[in-house]
Amino acid sequence: MSVTPAIATANPAPAAKSVALAPVFALVADDFAAVNRLIPNQLTSDVELVEEIGRYIVESGGKRLRPLLVLLGARCLGYDSSHHIELAVVIEFLHTATLLHDDVVDRSDLRRGRATANALWGNAPSVLVGDFLYSRAFQLMVELDNMDILAILSDATNTIAEGEVLQLASIGNLDVDEAQYMEVIRCKTALLFQAASHTAAVLARESGAEVQALKNFGLHFGLAYQLVDDWLDYAGDSATMGKNVGDDLAEGKLTLPLIYALANGSKSQTSTIRESLSAKSADRMNDVLTVVQACGALDYTHGAAVQQRDKALICLEALPDNAYRDALNSVTEFCVSRLF
């Protein structure tokens, strides 16, 4: 039976609730308004449940950083047409589809401070609506009529799926090292940020040093973003994160704080982590928090995120010096400011 929760009205600048990003969204306010007009237009379906779940997940908040990177990147390189609007919606739909699928795989019941779609409607409808969003994204890609962009996004989508499977296959493997984990997060998280920046640049310039710089920027930005999330899972709170603290531990996920602790902690410290991961339970969360703080794992993860941020900022130096580059700089600083 269909559940009909209250649907929030889409905000033209969802991240504007963050004072730090309000000036950035103001810079592309007209573009974002166009994006938010196109999203509901592309969510239409003869199947009522598709629209219902699609609206719920798309309008459930979030900073919409990925479409923001599209808009800022294209404008930074002087793009003056309108296809970046469709491209931003494509990126948002791809991201939303992955969220629907991830929540089913992870059995999550909370995201962005709200009940997940699978918690409200069940797993099967959530997966199928995720498939709908993927297919609608590819329909929009075809309308862009740009084979380079289609190639970038189809390759990225395929690799993201591989990254999700790789992470799933790694659950329970306590021998995953930092290099292996960085590859997982490159595939499952950073690649869509990279694709957002890369395709925006291709739309504006097709090729060249500035295109490569924006592509690399997106990669390092995405890695920093995920490392901050890793840090927050052991140093944040549910209100800040919009999900339950300790979810990664309860799912048996080995993220960088735990990888570092296992490699550098004492025998008793590593035993605590191994037992908690094997049990796939957050019951000993306080003990694990004590370990990751005591052995320097949180400081190490913090440093890794800052390092990726700095690499992203260096990439921006190759771009034209304008307000849009300044905005990309601000978004990057905001990403890592969540650590403090």
Calculated [θ] (222 nm, deg cm²/dmol) that DSSP helices of n ≥ 4 give over the chain, each run adding -39,500 (n - 2.57): -23000 deg cm²/dmol
FRET efficiency estimate (nearest 0.05) - Cβ-Cβ, A124 to A279, R0 25 angstrom: 0.30
N322 versus D299: modelled label distance in nm, points set 7 Å from Cα along the beta carbon direction: 4.4
Least to most buried among V288, V331, V306 (fewest other Cβ within 10 Å first): V306, V331, V288
Cross-link table K63/K188; K63/K253; K188/K280; K215/K280; K267/K311, entries beyond 30 Å C-alpha to C-alpha: K215/K280; K267/K311
Approximate spin-label separation D155-E183, in nm, with each point projected 7 Å along Cα-to-Cβ: 1.8
Most mobile listed residue (L71, L120, L258) in the chain, GNM with C-alpha springs under 10 Å: L120
Average Cα contact separation per residue, the chain, under 8 Å, 6 or more apart, as relative contact order %: 18
Kyte-Doolittle mean at least -0.5, axial Cα span of 24 Å or more - DSSP H helices of the chain: 83-106, 123-144, 147-170, 209-235, 297-316
Radius, Kirkwood style, for region 243-307 when every pair of distinct Cα atoms is counted (Å): 11.6
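Every read-out reported here was derived from the displayed coordinates using simple, explicitly stated rules and does not represent laboratory data. All of these numbers come straight from a predicted model, not from anything done at the bench. A quick note on method: Cβ atoms are made from the backbone with ideal geometry, for glycine too, and the neighbour counts reach across all protein chains shown.
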